[in-house]
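Okay, so here's the structure we're looking at.
The values are calculated or read from the model by the stated rules, or taken from the named source; none is laboratory data. Fair warning: this is a prediction, and the values are worked out from it, not measured in the lab. Cβ atoms come from the backbone with ideal geometry, glycine included; neighbour counts cover every protein chain shown. All accessible areas refer to the heavy atoms of the entire protein, side chains included, with ligands and DNA or RNA removed. Shrake-Rupley method; radii C 1.70, N 1.55, O 1.52, S 1.80 Å.
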Amino acid sequence: MITENYDVIVIGGGAIGLATAYHLGQRQAKTLVLEQYTFVNQLGSSAGVSRQFRIPYPDEYMVQMALEAQPYWDELQKKTDAQLLDKVGTLWFGDPEVHSTEGNIAEAEKALQALGVPYTTLTSKEIEEQYHFKNLPDNYTGLFQPDGASINFKATIETLLALCQKEETVELREDSPVLEIKQNGDLFELTTPNGIYIAKKLAIIPGPYINSVINLLDFKIEATYWNMSSAYFKKTDPTIQYPTWFVFQNASGENGNQFYGFPSVEWDHPEYIRVAPDFVIKPLEEPSDRTLIPNPQELAYTSEWIKNHMSGLSIVPEYTSTCLIALSTIPNKELLIDFAPSYVPNHKNIVVYATGWAAKFTPFLGKIMSDLALDGHTDFDITPFRLGYKYFLAL
């Protein structure tokens, strides 16, 4: 069965795909969202309940992106009664010499200073006194940025889904993986198990499953896949609260290195604190290798770190979860936002978003992707996120 034409087909119905569809609907673009599983599923990078919103980054352009995302969160909050952001601040601390997946504390300070973002510097002792950590090395330093928040990510996705359902020009199709993409002149013809759909433009946003889609257009990106572990630890002291935080440190022996955590929140096991490793012992070869069971050694390292450095928590997790994430292997390219490579026919009508930790930018990325799809450009400078011809790989 062939349906009527659409202005844009969004491939991927996770948080950013739904945000894109919402903004397309706001512009009255006839939009179809194709989700290979069900909406609000736990099988991709939108899995889980909470995420961190933060402004500190080692690069000015990333700090700028976080700043520009804030008004879009404010706008989205007006659309729902559910609290989307719990503003508890962001604490970065650890060895000032360490460079990690999150960057470096000193470089983040420079970027914050350059853009006039307020923050407070902290010594090791001040971190212990003010934020319930303990036994930190004397050389550890930190910064606290008050605009950081815990994101109610599940409510964010549910809000975006409800908004899309209300948009007259937006249609949603779940259980609809894209099996084939044909080009018929300047139109795209997409085959799914439930029908064939035609569109003028494509917004490809399937999270870690990006290559399963763009392979149909004869190109791919290089990525590594993490099955990220996460665990909830019961508060033994109910009065203790933490901000969102990240610790920078070198591995001691073989017990892992980077960890991060969240406050207790009403929407996500309120009597518990979520703490997670920001590393994986063994990356996945393909997204299909993911599991819903966390790596036990990663959780053991996390428990050990809590035992040594956190107060008021049990050291045995009672709840666990995993999240599948794709990370770019291109140096200094966390988020990839671009058009398809020029050798793909009609490439300027194919917009791609892939890889990285981007939940904090969700509503803003929806605006960026919708503008790129409809207008071929966006007011926000995406130059640092563009791939360029040499980073796409032809099949």
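If I filter the stretch 323-340 for residues that are surrounded by fewer than 15 Cβ atoms within 10 Å (Cβ to Cβ) and not in a loop (DSSP other than H, G, I, E, B), do I get at least one hit? Checked against the condition, which is being surrounded by fewer than 15 Cβ atoms within 10 Å (Cβ to Cβ) and not in a loop (DSSP other than H, G, I, E, B), the stretch 323-340 yields no hits at all.
Filter the stretch 341-365 down to residues that are of a type in the set (S, T, N, Q) and either modelled with pLDDT under 95 or assigned to a loop (DSSP other than H, G, I, E, B) (or both) and give me whichever is least open to solvent (accessible area, probe 1.4 Å). Can you show your working first?
Looking only at the stretch 341-365, we keep the residues that are of a type in the set (S, T, N, Q), and these are 342, 346, 349, 355, 362.
Applying the additional criterion that residues be either modelled with pLDDT under 95 or assigned to a loop (DSSP other than H, G, I, E, B) (or both) yields 342, 346, 355.
Working: Ser342: 77, Asn346: 43, Thr355: 7 Å².
For the stretch 341-365, the residue satisfying everything is Thr355.
Pick out the one residue from Ile273, Ile368, Ile281, Ile306 that is among the β-branched types (Val, Ile, Thr) and either modelled with pLDDT under 95 or assigned to a loop (DSSP other than H, G, I, E, B) (or both).
Of Ile273, Ile368, Ile281, Ile306, the one residue that is among the β-branched types (Val, Ile, Thr) and either modelled with pLDDT under 95 or assigned to a loop (DSSP other than H, G, I, E, B) (or both) is Ile281.
Among the numbered conditions (1) among the polar types (S, T, N, Q); (2) free of Cβ contacts under 8 Å to residues at least 12 places away in the same chain; (3) touching a Leu at 6+ places or on another chain (Cβ under 6 Å), the only one that Gln113 does not meet is (3). How about the stretch 42-57: which of its residues are open to solvent by less than 30 Å² (accessible area, probe 1.4 Å) and assigned to a loop (DSSP other than H, G, I, E, B)? Of everything in the stretch 42-57, those that are open to solvent by less than 30 Å² (accessible area, probe 1.4 Å) and assigned to a loop (DSSP other than H, G, I, E, B) turn out to be Gly44, Ser46, Ala47, Gly48, Arg54, Ile55, Pro56, Tyr57.
Residues that are surrounded by fewer than 19 Cβ atoms within 10 Å (Cβ to Cβ), of a type outside the set (Val, Ile, Thr) and under 22 Å from Asn257 (Cβ atoms) do not occur anywhere in the stretch 71-87.
Given (1) without any contact (Cβ under 8 Å) to a residue 60 or more places away in the chain; (2) under 30 Å from Asp59 (Cα atoms); (3) not aliphatic (A, V, I, L, M), identify the lone condition not met by Gln297. It fails just one condition, (2).
Could you list, in sequence order, the residues of the stretch 17-26 that are farther than 17 Å from Lys79 by Cα and either open to solvent by 10 Å² or more (accessible area, probe 1.4 Å) or modelled with pLDDT under 95 (or both)?
From the stretch 17-26, those farther than 17 Å from Lys79 by Cα are 17; that's our starting set.
Within the stretch 17-26, none qualify.
Among the residues of the stretch 118-135, the one identified as touching a residue at least 40 places away in the same chain (Cβ under 8 Å) and either open to solvent by less than 10 Å² (accessible area, probe 1.4 Å) or farther than 28 Å from Leu313 by Cα (or both) is Phe133.
Filtering the stretch 284-305 for residues that are of a type in the set (Ser, Thr, Tyr), surrounded by fewer than 13 Cβ atoms within 10 Å (Cβ to Cβ) and either over 27 Å from Asn211 (Cα atoms) or within 20 Å of the chain's Cα centre (by Cα) (or both) leaves a non-empty set. Under the condition of being buried (at least 22 other Cβ atoms within 10 Å of the Cβ) and of a type outside the set (Val, Ile, Thr), which residue from the stretch 146-169 is farthest from Lys78 (Cα to Cα)? Among residues in the stretch 146-169 that are buried (at least 22 other Cβ atoms within 10 Å of the Cβ) and of a type outside the set (Val, Ile, Thr), the one farthest from Lys78 (Cα to Cα) is Gly148.
Do you know which residues across the stretch 98-117 are touching a Pro at 6+ places or on another chain (Cβ under 7 Å), surrounded by fewer than 17 Cβ atoms within 10 Å (Cβ to Cβ) and not hydrophobic (A, V, I, L, M, F, W, C)?
Kept after step one, since they are touching a Pro at 6+ places or on another chain (Cβ under 7 Å), are these residues of the stretch 98-117: 103-108, 111-112.
Of the ones still in play, those that are also surrounded by fewer than 17 Cβ atoms within 10 Å (Cβ to Cβ) are 106-107.
Scanning the stretch 98-117 gives a single hit, Glu107.
Pairs meeting the criteria (first residue in the stretch 259-270 and under 16 Å from Thr239 (Cβ atoms) and open to solvent by less than 20 Å² (accessible area, probe 1.4 Å), second residue among the β-branched types (Val, Ile, Thr) and in a strand (DSSP E or B), beta carbons under 9 Å, at least 6 apart or on different chains) are Pro263/Thr244; Pro263/Ile273; Ser264/Ile273. Scanning the stretch 192-221 for residues that are among the charged types (D, E, K, R) and surrounded by fewer than 23 Cβ atoms within 10 Å (Cβ to Cβ) yields Lys200, Asp218, Lys220. Within the stretch 24-51, the residues that satisfy the criterion of being under 23 Å from Asp278 (Cβ atoms) and touching a helix residue (DSSP H, G or I) at 6+ places or on another chain (Cβ under 8 Å) are Gly44, Ser45, Ser46, Gly48, Val49, Ser50, Arg51. Taking the criterion of being open to solvent by less than 30 Å² (accessible area, probe 1.4 Å) and over 20 Å from Tyr37 (Cβ atoms), the only residue of the stretch 170-191 that qualifies is Phe188.
The set of residues from the stretch 76-131 being within 22 Å of Ser150 (Cβ to Cβ) and basic (Lys, Arg) comprises Lys78, Lys79, Lys87.
Conditions (1) free of Cβ contacts under 8 Å to residues at least 12 places away in the same chain; (2) of a type outside the set (S, T, N, Q), marked per residue:
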residue	(1), (2)
Tyr272	no, yes
Leu284	no, yes
His309	no, yes
Thr322	no, no
Pro331	yes, yes
Tyr343	no, yes
Lys348	no, yes
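Could you tell me whether any residue of the stretch 75-96 is among the hydroxyl-bearing types (Ser, Thr, Tyr), under 22 Å from the mean Cα position of the chain (by Cα) and part of a loop (DSSP other than H, G, I, E, B)? Steps first, answer last, please.
Here is the first cut: in the stretch 75-96, the residues among the hydroxyl-bearing types (Ser, Thr, Tyr) are 80, 90.
Pick out the ones that are also under 22 Å from the mean Cα position of the chain (by Cα) and you get 80, 90.
From what's left, part of a loop (DSSP other than H, G, I, E, B): 80.
Looking for residues that are among the hydroxyl-bearing types (Ser, Thr, Tyr), under 22 Å from the mean Cα position of the chain (by Cα) and part of a loop (DSSP other than H, G, I, E, B), one finds at least one in the stretch 75-96, hence yes.
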